[in-house]
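Just below is one structure, and these are the notes that go with it.
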Amino acid sequence: MERTSWLILVIFSCLLAFSSGRELKVRQEDKLAAYNHTLATILVEYASAVYMSDLTELFTWTCPRCDGLTKGFEVIDLVVDIQHCLQAFVGVAKDLNAVVIAFRGTQEHSIQNWIEDLFWKQLDLNYPGMPDAMVHNGFYYAYHNTTMRPAILNAVKRANEFYGDLDVIVTGHSMGGAMASFCGLDLKVNHETKNVQVITFGQPRIGNAAFASYYSKLVPNTIRVTNEHDVVPHLPPYYSYFPQKTYHHFPREVWLYNIGLGSQMYEVEKVCDGSGEDPTCSRSVTGNSISDHLVYYGVELMCEAWRSCKIVHDPGLVEYSKTDLQGNFILSRDPAAPILKMKTQSNGGGNHI
């Protein structure tokens, strides 16, 4: 069965790679986002940390993934939607002088099943206030119609009230990248946040060409990093025969790929054009690799183990927790409050959900 599933994946990838036809171009009138390698390598560590299932370590920023380029980060809110298996955090990075929002990617029991499901996703929702713009209902819903949006907006507001008007940087990997994009757009359109930057990793397509055009004008400071043959940026499929109806990436893509032979390999970071679908970037190869999806810049973007929505936290976090009737909860503290001092319990005495 597994072999059959992978055969389907490869066949579809090949069909997409060799499809041709008249393409609808996204016109990018404004200045494209400038790629900053250093910032991308910092943000990918935030995108990795949000996958941690030990909420005590994540909330206190003492997790093994919190000890690299992100030292000194102050978590304000950690949002966990048990009902829909979603997780995100909001905090302040003083070295970046910015609020950082990070969304976790898919936490399905099997990432392979999630990827295969994306082959059949249809454009099924009109984006409010954008004529002809259509988006993926599931990704839209995950941000707009769960506990994610109100908790994140509240945390950003509290951070700005305490620290002043900070820049906002939104990031995420995989499905988390899709949610990060909707969040960045929401902050610009509905909350008039001045300086919003979005950097995502291995993000799927989330809307059609009309949506991509609106998005690129409203959130021009956006970078989508793709890696080698990562399958997810190729999904849902782009059909050049149906340019008005098909999914379409927004700019700007930065494609990572290796060149060389044997031990003489080095990574190239190709800054792509303003179309969102640059044929010389990730679309120039077949998207058939899950392993390329799970590691960016040498950083793992996955949970410690692929399992459904399992988290653990110390009972001492209860005083920081707000829970709704569905069991979804927010761990929240005032900005600049002292770092929590509690014993992290990853394997033993913590509460498991």
Original post:
Does any residue of the range 215-222 turn out to be part of a helix (DSSP H, G or I), touching a residue at least 60 places away in the same chain (Cβ under 8 Å) and touching a Phe, Trp or Tyr at 6+ places or on another chain (Cβ under 7 Å)?
Top reply: yes
**OP:** Go through the range 284-295 and give me each residue that's buried (at least 22 other Cβ atoms within 10 Å of the Cβ) and either in contact with a Lys or Arg (Cβ under 6 Å, 6 or more places away or on another chain) or more than 20 Å from Val44 (Cα to Cα) (or both).
**Re:** Gly287
Subject >> Pairs, first farther than 14 Å from Leu32 by Cα and touching a residue at least 60 places away in the same chain (Cβ under 8 Å) in the range 245-273, second surrounded by 13 or more Cβ atoms within 10 Å (Cβ to Cβ) and β-branched (Val, Ile, Thr), C-beta under 8 Å, six or more apart >> reply: Tyr247/Ile206; His248/Val26; Glu269/Val254
**OP:** Residue by residue through the range 142-200, note down the ones that are of a type outside the set (A, V, I, L, M, F, W, C), part of a strand (DSSP E or B) and surrounded by 21 or more Cβ atoms within 10 Å (Cβ to Cβ).
**Re:** Thr171, Gly172, His173, Gln197, Thr200
Original post:
Is the range 290-298 home to any residue that is in a loop (DSSP other than H, G, I, E, B) and modelled with pLDDT under 90?
Top reply: no
**OP:** Identify all residues within the range 236-285 that are part of a loop (DSSP other than H, G, I, E, B) and basic (Lys, Arg); write none if there are none.
**Re:** Lys245, Arg252
Original post:
Only one of (1) of a type outside the set (S, T, N, Q); (2) over 16 Å from Pro236 (Cβ atoms); (3) under 19 Å from the mean Cα position of the chain (by Cα) fails for Ala142. Which number is that?
Top reply: (2)
Original post:
Considering only residues of the range 235-263 that are hydrophobic (A, V, I, L, M, F, W, C) and closer than 24 Å to Tyr296 by Cα, which is surrounded by the fewest Cβ atoms within 10 Å (Cβ to Cβ)?
Top reply: Leu261
Original post:
Is it true that some residue in the range 120-135 is surrounded by fewer than 18 Cβ atoms within 10 Å (Cβ to Cβ) and assigned to a helix (DSSP H, G or I)?
Top reply: no
**OP:** Would you mind telling me which numbered condition in (1) under 23 Å from Asp54 (Cβ atoms); (2) in a loop (DSSP other than H, G, I, E, B); (3) under 24 Å from the mean Cα position of the chain (by Cα); (4) modelled with pLDDT of 85 or more Asp334 fails?
**Re:** (3)
Original post:
Would you pick out the residues in the range 65-117 that are without any contact (Cβ under 8 Å) to a residue 12 or more places away in the chain and in a loop (DSSP other than H, G, I, E, B)?
Top reply: Asp67, Lys71
Original post:
Looking at Lys270, Lys322, which one is modelled with pLDDT of 95 or more and among the basic types (Lys, Arg)?
Top reply: Lys270
Original post:
Has the range 55-76 got any residue that is surrounded by fewer than 21 Cβ atoms within 10 Å (Cβ to Cβ), within 19 Å of the chain's Cα centre (by Cα), at pLDDT 95 or above and farther than 18 Å from Gly176 by Cβ?
Top reply: yes
Original post:
If you go through the range 233-267, how many residues are among the hydrophobic types (A, V, I, L, M, F, W, C) and over 22 Å from the mean Cα position of the chain (by Cα)?
Top reply: 4
**OP:** Output the residues belonging to the range 19-45 that are exposed (fewer than 12 other Cβ atoms within 10 Å of the Cβ), at pLDDT 60 or above and either of a type outside the set (Gly, Ala, Ser) or not in a loop (DSSP other than H, G, I, E, B) (or both).
**Re:** Lys31, His37, Thr38
Original post:
Does Thr38 fit the bill of being polar (S, T, N, Q) and under 27 Å from Leu256 (Cβ atoms)?
Top reply: yes
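The values are calculated or read from the model by the stated rules, or taken from the named source; none is laboratory data. Since the model is a prediction, treat every value here as computed from it, not as a measurement. Ideal geometry is used to build each Cβ from the backbone, glycine not excepted, and the neighbour counts take in all protein chains shown.
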